[in-house]
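The values are calculated or read from the model by the stated rules, or taken from the named source; none is laboratory data. Keep in mind that this is a model prediction, so the values were computed, not measured. Here the Cβ positions follow ideal geometry from the backbone for every residue, glycine too, while neighbour counts run over all protein chains shown. Surface accessibility is based on the protein's heavy atoms, side chains included, excluding ligands, DNA and RNA. Shrake-Rupley method; radii C 1.70, N 1.55, O 1.52, S 1.80 Å.
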Amino acid sequence: MSTLNRLVLWNIDHTLVDVGRVTRDAYAEAFKRTTGRGLVRLAPTAGRTESEIIFETLAFNDIVTTDDHLPAFMAALADAFAARRADLEKHGRVLAGAREALAALARVPGVVQSVLTGSVRPNATLKLTALGLADHLDLDSGGYETGVYSKAALLEIARARAAERHGAPFPESATVYIADSPRDVQAAHIAGSPIVAVATGSATEAELRAAGADTVLATLQDTTAVVEAAAS
């Protein structure tokens, strides 16, 4: 049996999949259910946790927030996504090379793959299962939005979960984050982990390099390059 020596954490939105249309629709429904008003402006989403997006969206739409808004909005958002599984399957898109990269890393001895995402767990799981990407991912080891922690803290939580689940330590230097935004690069730096940045979101390769990514790839289509960056 191979010794486990590498934890690869994947960001989901704009790294593995593009479900932007469904996300906007779900946020609009959750906003309406939570506030009783129509959504005019959705906050930027790149590299952010759900709670950051929710609070900024409420502010953009002139909603005075209370302690009840976040849990109510998160519950409504999970319901809105759950009701849109068929839309995810129809309108969601697996990004080029993502499926092949997941499969290739699954064949590398000693590698565990999971996720580090700003989404709440039900939504993250639904995106991956609806688009057929969950098979190579240990979702129980992932870091998900809780309304409490930053992405950097969630990375540390994912490391601890993976170590407990697999009975093997995953040091900071052996925990690789693959994501698409400068904010994700910052989170990896704070957590002390290497970051492979892919320019499949709104950030350019130059912006990701400037943010300090250890490796920058244009896409995930070069499977060999992804494996070398993440597992070597």
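Leaving out same-chain residues fewer than 8 places away, which aspartates and glutamates sit with a Cα under 16 Å from that of Lys32?
Glu56, Asp62, Asp68, Asp79
If I model a spin label as a point 7 Å beyond the Cα along the Cα-Cβ vector, how far apart are those points for Ser202 and Ala218 in nm?
2.3
Sticking with the crude label model, points 7 Å out along Cα→Cβ, report the distance from Thr146 to Ser173 in nm, one decimal please.
Taking the two extended label points, one gets 2.8 nm.
Suppose we keep just the alpha-carbon trace of the range 99-210; what are its Rg and Dmax in angstrom?
Values for the range 99-210 (Cα only, Rg and Dmax): 13.7, 39 Å.
Using a 1.4 angstrom probe, figure out how much accessible area the chain has per residue, in square angstrom, rounded to the nearest whole.
On a per-residue basis, 44 Å².
Which whole-number percentage describes the relative contact order of the chain, with Cα contacts under 8 Å and a sequence gap of 6 or more?
It comes to 26 percent, rounded to a whole number.
How large, in percent, is the carbon and sulfur part of the accessible surface of the range 87-225 at a probe radius of 1.4 Å?
50
For the chain, report the convex hull volume of the alpha-carbon atoms normalised per residue, in Å³, without decimals.
112
Between His69 and Leu139, what is the label-to-label distance in nm when each label sits 7 Å out along the Cα-to-Cβ direction?
3.0
As a check on your grasp of the helix formula, calculate [θ] at 222 nm for the chain: sum -39500 (n - 2.57) over DSSP H runs of n ≥ 4, divide by the residue count, round to the nearest 500.
Dividing the helical sum by the residues of the chain leaves -14000 deg cm²/dmol.
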